[in-house]
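S.K.: Quick one: this structure, given as structure tokens, is what I'll be asking you about.
The values are calculated or read from the model by the stated rules, or taken from the named source; none is laboratory data. Predicted model only: the values in this text are computed from it and were never measured. Glycine also receives a Cβ, built like all others from the backbone with ideal geometry; neighbour counts cover every protein chain displayed. The accessibility values were calculated without ligands, DNA or RNA, using every heavy atom of the protein model including side chains. Shrake-Rupley method; radii C 1.70, N 1.55, O 1.52, S 1.80 Å.
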Amino acid sequence: MDIVNKEKLKQVLEKWKEHPSITGLMEKFSQLQSYTNRRYKNLESFTKQKIKESKYELVELPYIDVKEDPVRPELDLQFRQSYGRKIYGLKDDVGEISAIMCFAFTNEVPKTVKEMEQLSYDAALQSVHRAGIQGSIAIAYTVWAKKKGGGRAIVDEVYKMVKKSNHLNRLVTLSPLTDMARNFHIKNGAKELQVNETTQNFEYDITLEDWETALVKAKGFLKVK
Ligand SMILES: CC(C)(COP(=O)(O)OP(=O)(O)OC[C@H]1O[C@@H](n2cnc3c(N)ncnc32)[C@H](O)[C@@H]1OP(=O)(O)O)[C@@H](O)C(=O)NCCC(=O)NCCS
């Protein structure tokens, strides 16, 4: 989205800092748009439009070149596919993979890859006794984009997938301690869960309604609390 009147937008946002309520933000939404080149009737139509615009498909990938992973290249293919762990790719409208995200499934939030390995192993063993249903927390331990915008789009699609799932009830990241990871997840609507010694966890709240998700993203984008 291009901002056509940055100064005015900055002024309005400054004022909002003292009025960070949801109602306030909703009321200001149309005013805000007058400073940008995009128009929507309200947040609900914005969300619907975004869903309609989605031209992506999430696919499980049997093979990737792990050396391409800028975050955790040391984790081999076998690690990424053992004990229920999965690799997802985002297929775009021309059939190319525009981003990749890897997952483990656990029942607790891990602070390190080692912990995640153990927790997903435990969850996999427990699942043998529970009709194959494994780990209620989806842990995204790496994400990278192969095309600009792919990163954001894969998070959106994964969010929808977890929301629809019957056995997953949380979507949490195990991210490196980098500004890129922080900016990326916060801007996409995640909340910081905790900052650990060598990693940080962000959580995407899958209990939110679609319009609430859009609101969280709008607040993140506009840096409003
Ligand atoms: C992070 C990443 C997945 C984002 O993919 P994307 O959504 O397709 O890429 P974009 O370039 O549109 O960036 C989206 C947001 O990520 C953040 N970001 C991207 N590059 C960044 C950098 N070098 N420094 C800080 N933040 C950065 C910003 O918040 C950015 O939003 P902005 O462009 O409005 O400032 C992509 O940059 C990537 O593959 N990075 C390397 C791997 C990585 O660090 N993954 C994240 C941690 S698990």
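S.K.: If residue 79 satisfies all but one of (1) closer than 23 Å to residue 172 by Cβ; (2) touching a strand residue (DSSP E or B) at 6+ places or on another chain (Cβ under 6 Å); (3) among the hydrophobic types (A, V, I, L, M, F, W, C), what's the number of the condition it fails?
M.R.: (2)
S.K.: Follow-up question, since we're still on this one. If you go through region 104-123 one residue at a time, do you hit one that is within 16 Å of the ligand (Cβ to nearest atom) and more than 19 Å from residue 200 (Cβ to Cβ)?
M.R.: no
S.K.: Out of region 69-91, which residues are in contact (Cβ under 8 Å) with a residue 60 or more places away in the chain, open to solvent by 30 Å² or more (accessible area, probe 1.4 Å) and among the basic types (Lys, Arg)?
M.R.: Once the filter is applied, which keeps residues that are in contact (Cβ under 8 Å) with a residue 60 or more places away in the chain, open to solvent by 30 Å² or more (accessible area, probe 1.4 Å) and among the basic types (Lys, Arg), region 69-91 yields nothing.
S.K.: Which residues, counting only those in region 92-103, are open to solvent by less than 40 Å² (accessible area, probe 1.4 Å) and more than 13 Å from the ligand (Cβ to nearest atom)?
M.R.: none
S.K.: Any residue in region 191-206 that is farther than 16 Å from residue 143 by Cβ and free of Cβ contacts under 8 Å to residues at least 60 places away in the same chain sitting within a Cβ distance under 9 Å of a residue that is open to solvent by less than 40 Å² (accessible area, probe 1.4 Å) and among the acidic types (Asp, Glu)? List the pairs, counting only those 6 or more apart or interchain.
M.R.: 191/203; 192/203
S.K.: Does region 132-154 hold any residues that are away from the ligand (no atom under 11 Å from the Cβ) and in a strand (DSSP E or B), and which are they?
M.R.: Within region 132-154, 137, 138, 139 qualify.
S.K.: Does residue 186 satisfy the condition of being near the ligand (Cβ under 10 Å from one of its atoms), open to solvent by 10 Å² or more (accessible area, probe 1.4 Å) and either touching a residue at least 12 places away in the same chain (Cβ under 8 Å) or in a loop (DSSP other than H, G, I, E, B) (or both)?
M.R.: yes
S.K.: Taking region 151-174 as the region of interest, how many residues are free of Cβ contacts under 8 Å to residues at least 60 places away in the same chain, of a type outside the set (Lys, Arg) and touching a Lys or Arg at 6+ places or on another chain (Cβ under 9 Å)?
M.R.: Matching residues across region 151-174 total 2.
S.K.: Hey, another quick one. Is there a residue being among the basic types (Lys, Arg) and within 16 Å of the ligand (Cβ to nearest atom) anywhere in region 59-73?
M.R.: Yes, some residue in region 59-73 is among the basic types (Lys, Arg) and within 16 Å of the ligand (Cβ to nearest atom).
S.K.: Would you be able to tell me the number of residues in region 168-225 that are among the hydroxyl-bearing types (Ser, Thr, Tyr) and either at pLDDT below 95 or under 24 Å from residue 10 (Cα atoms) (or both)?
M.R.: 2
S.K.: Can you name every one of the strands (runs of 3 or more DSSP E) wholly within region 1-118 that holds 3 or more residues which are at positive phi and modelled with pLDDT of 75 or more?
M.R.: none
S.K.: While we're on this one: Identify, from the list 173, 207, 198, the residue that is of a type in the set (S, T, N, Q), within 14 Å of the ligand (Cβ to nearest atom) and more than 11 Å from the chain's Cα centre (by Cα).
M.R.: 198
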